[in-house]
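What follows is a set of notes on a single structure, which appears directly below.
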Amino acid sequence: LVIPYVGKGHRETADQLKRLAGRANRAGHACRKAGMQLCYHHHSFEFAKLPDGESGWEIFVREFDPELVKFEIDVFWAAIGGLDPVETIRNLKDRVAQLHLKDLQKDTPTIHDESSVPKQAFKEVGSGIIDWPAVLAAGQAAGVTQCHVEQDQSPDPIASIRQSIAYLKAS
């Protein structure tokens, strides 16, 4: 089970995100009792500094119980948010259960407001700047159990998925 998104109005302060982490831990406990794993899927807003100087990402890494709430790392959102996806996966180790695979256009600046990301920033796997061999190796070393090929924006979603899958199969 994945927490897919935190909407604006619920993520502007450290207190809001700490409360969310507490609720996620409680939900993670209920999921575990039901034989499921709870994960959190980030975007790029989590990497921006909050008014108190800490980022939402730092809060979640600290506050999520590592046994109850795992991370679903979206490689694109990590990269556009200013993180190195490979180092992020390596640092979290066994706290990463899933990866979202999509590429980032070269020369795209760091953007923390997901609503202002240009459509052309989203690229098929293997068509951007992400180091896919390193990402996949880090995911394997971390024990990732699921990878999802995704592209948020595309003029032809089926062609984009086919292109990404073909790249991954050839790698």
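Mind telling me which of the residues Val69, Val149, Val117 ends up being within 21 Å of Ser55 (Cα to Cα) and touching a strand residue (DSSP E or B) at 6+ places or on another chain (Cβ under 8 Å)? Give the steps one after another, and end with the answer.
Values: Val149 fails: within 21 Å of Ser55 (Cα to Cα); Val117 fails: touching a strand residue (DSSP E or B) at 6+ places or on another chain (Cβ under 8 Å).
After applying the criteria, what remains is Val69.
Just need a number here: residues in region 134-171 that are of a type in the set (S, T, N, Q), in contact with a helix residue (DSSP H, G or I) (Cβ under 9 Å, 6 or more places away or on another chain) and loosely packed, with under 13 Cβ neighbours inside 10 Å.
Initial filter on region 134-171 (of a type in the set (S, T, N, Q)): 140, 145-146, 151, 153-154, 160, 163-164, 171.
Still in the list and also in contact with a helix residue (DSSP H, G or I) (Cβ under 9 Å, 6 or more places away or on another chain): 151, 153-154, 171.
With the extra rule that they be loosely packed, with under 13 Cβ neighbours inside 10 Å, the set shrinks to 171.
Counting residues in region 134-171 that are of a type in the set (S, T, N, Q), in contact with a helix residue (DSSP H, G or I) (Cβ under 9 Å, 6 or more places away or on another chain) and loosely packed, with under 13 Cβ neighbours inside 10 Å gives 1.
When region 101-127 is examined, which residues are found to be closer than 20 Å to Lys169 by Cα and either open to solvent by 20 Å² or more (accessible area, probe 1.4 Å) or of a type in the set (Ser, Thr, Tyr) (or both)?
Lys123, Glu124, Gly126, Ser127
Can you name the residue in region 32-60 that is of a type in the set (D, E, K, R) and in a loop (DSSP other than H, G, I, E, B) and, of all such residues, is farthest from the chain's Cα centre (by Cα)? First the steps, then the outcome.
Restricting attention to region 32-60, the residues satisfying the condition of being of a type in the set (D, E, K, R) are 32-33, 46, 49, 52, 54, 58.
With the extra rule that they be in a loop (DSSP other than H, G, I, E, B), the set shrinks to 52, 54.
On the way: Asp52: 23, Glu54: 18 Å.
Checked region 32-60; the qualifying residue farthest from the chain's Cα centre (by Cα) is Asp52.
Could you list, in sequence order, the residues of region 109-125 that are within 17 Å of the chain's Cα centre (by Cα) and either aliphatic (A, V, I, L, M) or over 18 Å from Leu83 (Cβ atoms) (or both)? Spell out the reasoning first.
Taking region 109-125 and keeping what is within 17 Å of the chain's Cα centre (by Cα), we get 110-115, 117, 121-125.
Scanning region 109-125 gives Ile111, Ser115, Val117, Ala121, Glu124, Val125.
Testing Ile89 on (1) farther than 25 Å from Ala24 by Cβ; (2) open to solvent by less than 10 Å² (accessible area, probe 1.4 Å), one condition comes back false. Which one is that?
Failing condition for Ile89: (1).
Within the group Asp74, Asp52, Asp15, Asp107, which residue is among the acidic types (Asp, Glu) and within 23 Å of Ala141 (Cβ to Cβ)?
Asp74
Take the conditions farther than 30 Å from Arg23 by Cβ and among the acidic types (Asp, Glu) and apply them to Glu124. Does it pass?
For Glu124, the condition - farther than 30 Å from Arg23 by Cβ and among the acidic types (Asp, Glu) - is met.
Which condition does Ala166 not pass, out of (1) within 29 Å of Gln16 (Cβ to Cβ); (2) over 13 Å from the mean Cα position of the chain (by Cα), if it passes all the others?
Looking at each condition in turn, Ala166 falls short on (1).
Hey, does region 61-80 have a residue that's more than 13 Å from the chain's Cα centre (by Cα) and in a helix (DSSP H, G or I)? Write out each step before concluding.
Taking region 61-80 as the starting set, the residues that turn out to be more than 13 Å from the chain's Cα centre (by Cα) are 62-69.
From the residues that got through so far, the ones that are in a helix (DSSP H, G or I) too are 62-63.
Yes: one or more hits.
Scan region 20-32 and give yes if some residue there is of a type in the set (D, E, K, R) and open to solvent by less than 40 Å² (accessible area, probe 1.4 Å), otherwise no.
Taking region 20-32 and keeping what is of a type in the set (D, E, K, R), we get 23, 26, 32.
Applying the additional criterion that residues be open to solvent by less than 40 Å² (accessible area, probe 1.4 Å) yields none.
No, region 20-32 has no match at all.
The values are calculated or read from the model by the stated rules, or taken from the named source; none is laboratory data. Just so it is clear, the model here is predicted, and its values are computed rather than measured. Positions of Cβ are backbone-derived with ideal geometry, glycine not excepted, and every protein chain shown enters the neighbour counts. For accessibility, only protein heavy atoms count, side chains too; no ligands or nucleic acids. Shrake-Rupley method; radii C 1.70, N 1.55, O 1.52, S 1.80 Å.
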